[in-house]
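What follows is a structure written as structure tokens; I'll ask about it next.
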Amino acid sequence: MTAPVLLVEEPAPGVRLLRLNRPEARNALSMALRRELVRCIAQASDDAAVRVVVIAGNERAFAAGADIKEMANASTVDMMARGVLGLWRATASCTKPVIAAVRGYALGGGCELALLCDMVIASETARFGQPEIRIGIIPGGGGTQRLVAAIGKHRAMKYLLTGAMFSGREAFEMGLASEAVPDDQVDARAVELACEIAALSPLAVQQLKDVALRGMDLPLDAGLALETKALHLLFSTEDQKEGMAAFIEKRPPKFEGR
Ligand code: DAK
């Protein structure tokens with residue numbers, strides 16, 4: 001029997017950890033792995049008991065990109081038929097916060113996967129990069145857009161045009177990673193943050209993610225209008241009443257997602 005390409009773990013209540021599991025290929029994103037990721041993300045989105053998703057790899061690789069061996073002989077029509085962009089969109093559309101726990105290589109599609117997560121916890125020595133240019137292609141999972149947005153045009157162009165790698169520490173300093181931590185603490189720190197978020201009102205968390213991400217593609221006025229409407233909407237939830245009552249009564253809140 002072959003090992004599953006994606007392992008599903010429950011490291012804490014409300015936290016779903018999806019572990020990429022192709023160690024023999026540095027977790028290269030085969031079509032099977034991409035489809036499994038989409039299926040598990042959709043499942044997590046639909047499951048009210050799941051509050052936060054963590055995507056992790058192993059100590060050698062988060063993911064070394066798309067599976068080059070699967071793509072090497074593909075034609076344009078083959079690539080179009082695979083619908084990778086659709087799978088990518090489905091991964092990006094998770095309604096719950098998604099945290100990438102990055103150790104080892106996060107290259108090409110692996111770097112793009114981290115970029116589409118809401119937070120990135122990187123090991124100091126992780127190796128990020130978009131090396132596609134070195135194999136005669138360009139990024140196809142958002143790298144040309146999201147890397148520029150994350151670290152700025154001139155730094156991004158250096159990495160996009162040369163394919164050079166940068167460390168987790170550099171990723172943090174440039175704004176791609178939320179935190180850089182020692183290698184042996186990456187998964188634990190990602191789960192710790194996930195637990196912190198899992199204890200909050202899931203309705204407020206969902207609105208926050210939705211407004212912040214949509215706002216990135218909108219003019220400021222439209223984003224601010226969206227923010228105001230979402231804020232007003234939350235005043236119809238029990239969680240808002242509970243959160244404010246708990247503050248006034250000097251006790252911890254108990255959010256029910258209602
Ligand atoms: N694909 C397939 N196999 C890979 C792989 C990859 N991306 N990366 C590593 N492997 C395999 C190696 O071939 C090797 O297999 P065997 O030879 O043992 O059978 C095994 O994993 C171990 O690799 P190494 O021996 O090379 O291990 P090292 O530790 O020495 O080096 C490395 C690790 C990650 C630095 C190196 O393996 C490497 O440079 N890998 C390739 C990295 C890369 O170029 N990544 C970008 C891939 S292109 C699209 C959207 C997105 C994309 C495409 C389309 N659409 C919307 C249409 C994305 C494209 C990409 O990501």
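In region 189-217, what count of residues is obtained for those that are in a helix (DSSP H, G or I) and either among the polar types (S, T, N, Q) or open to solvent by 70 Å² or more (accessible area, probe 1.4 Å) (or both)?
Final tally of qualifying residues: 7.
Which residue pairs have Cβ atoms under 8 Å apart, sit 6 or more places apart or on different chains, and have a first residue in region 235-251 that is in a loop (DSSP other than H, G, I, E, B) and a second that is not hydrophobic (A, V, I, L, M, F, W, C)?
Within 8 Å, the pairs are Thr237/Ser201; Thr237/Arg258.
Checking Leu161 against (1) assigned to a helix (DSSP H, G or I); (2) within 16 Å of the ligand (Cβ to nearest atom); (3) open to solvent by less than 80 Å² (accessible area, probe 1.4 Å), only one condition comes out false. Which one?
(3)
Select, from Val77, Val53, the only residue that is in contact with a Pro (Cβ under 8 Å, 6 or more places away or on another chain) and either under 26 Å from Arg258 (Cβ atoms) or not in a strand (DSSP E or B) (or both).
After applying the criteria, what remains is Val53.
Could you figure out which of (1) more than 13 Å from the chain's Cα centre (by Cα); (2) under 21 Å from Glu132 (Cα atoms); (3) modelled with pLDDT under 95 isn't true of Leu33?
Going through the list (1) more than 13 Å from the chain's Cα centre (by Cα); (2) under 21 Å from Glu132 (Cα atoms); (3) modelled with pLDDT under 95, Leu33 breaks only (3).
Could I ask something else about it? In region 61-78, what residues are within 6 Å of the ligand (Cβ to nearest atom) and open to solvent by 50 Å² or more (accessible area, probe 1.4 Å)?
If the condition is that a residue be within 6 Å of the ligand (Cβ to nearest atom) and open to solvent by 50 Å² or more (accessible area, probe 1.4 Å), then Ile68, Lys69 are the ones that fit.
Are any residues in region 12-24 open to solvent by 30 Å² or more (accessible area, probe 1.4 Å) and either under 18 Å from Val98 (Cα atoms) or not basic (Lys, Arg) (or both), and if so, which ones?
Listed by number, the residues that qualify are Pro13, Arg19, Asn21, Pro23, Glu24.
Another question, then. Answer yes if at least one residue in region 34-55 is surrounded by fewer than 17 Cβ atoms within 10 Å (Cβ to Cβ) and touching a residue at least 60 places away in the same chain (Cβ under 8 Å), and no otherwise.
yes
Would you please name the residue that is nearest to Pro202 (Cα to Cα), looking only at residues in region 79-119 that are more than 9 Å from the ligand (Cβ to nearest atom) and open to solvent by 70 Å² or more (accessible area, probe 1.4 Å)?
Ser93
Out of contact with any Phe, Trp or Tyr (no Cβ under 9 Å at 6 or more places or on another chain) and either open to solvent by less than 90 Å² (accessible area, probe 1.4 Å) or more than 20 Å from Ala49 (Cα to Cα) (or both), is that true of Ala180?
no
The values are calculated or read from the model by the stated rules, or taken from the named source; none is laboratory data. As the structure is a computational prediction, the values presented were derived from the model and not from experiment. Counting neighbours? That spans all protein chains shown, and the Cβs are built from the backbone with ideal geometry, glycine included. These area figures cover heavy atoms from the full protein model, side chains too; ligands, DNA and RNA do not enter into them. Shrake-Rupley method; radii C 1.70, N 1.55, O 1.52, S 1.80 Å.
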